[in-house]
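Presented below is the structure to which this report refers.
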Amino acid sequence: MVQERNKVHLTNFNIAGFSYWDGPEAWENLHIGTKLQLVREADNAFDPYAVAIYFDGLKLGFIPRSENHDISRTLKRQ
């Protein structure tokens, strides 16, 4: 039996680099509640706390630098 997880709202932000990466390509398939994958990029040359956001193999961009520290640390522990 699969246990249902409680949903937790952490923050609101605009995806950094959305128009630069694959965001426009995925736009029509993104809706409230769409599951996204968060990938920590510890080797990112611009930000050691970088967290990329993916949908269906497409890189949408990043969690903004001002918002990514806690999420990056959480992903590191997993």
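Summary of values
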item: Asp43-Asn12 FRET efficiency (beta carbon distance; Förster radius 25 Å; 0.05 resolution); result: 0.35
item: Check: the chain dipole with +1 on Lys, Arg Cβ and -1 on Asp, Glu Cβ, in debye; result: 380 debye
item: Helix-only CD estimate at 222 nm, as mean residue ellipticity for the chain, using -39500 (n - 2.57) per DSSP H run (n ≥ 4); result: -4000 deg cm²/dmol
item: Segment Leu58-Glu28, length gained on full extension (0.36 nm per residue, minus Cα span); result: 9.5 nm
item: Share of carbon and sulfur in the accessible heavy-atom surface of the chain [1.4 Å probe, %]; result: 50 percent
item: Contact order relative to length of the chain, as percent, for alpha carbon pairs under 8 angstrom and 6 or more apart; result: 32 percent
item: Leu30 - accessible surface, heavy atoms, 1.4 Å probe, Å² rounded to 10; result: 40 Å²
item: Calculated P(r) of the chain - Cα pairs past 15 Å, %; result: 59 percent
item: Translational diffusion coefficient (Stokes-Einstein; Kirkwood radius from C-alpha pairs) of the stretch 11-54 at 20 °C, 1.002 mPa s, in µm²/s; result: 182 µm²/s
item: Straight-distance crosslink candidates among lysines, where the alpha carbon sits under 18 Å from Lys59 and sequence neighbours closer than 8 are dropped; result: Lys35
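The values are calculated or read from the model by the stated rules, or taken from the named source; none is laboratory data. For clarity, every value in this text was computed on a predicted model and none was experimentally measured. Counting neighbours? That spans all protein chains shown, and the Cβs are built from the backbone with ideal geometry, glycine included. The protein model used for the area step is the full one, side chains on, heavy atoms only, and it has no ligands, DNA or RNA in it. Shrake-Rupley method; radii C 1.70, N 1.55, O 1.52, S 1.80 Å.
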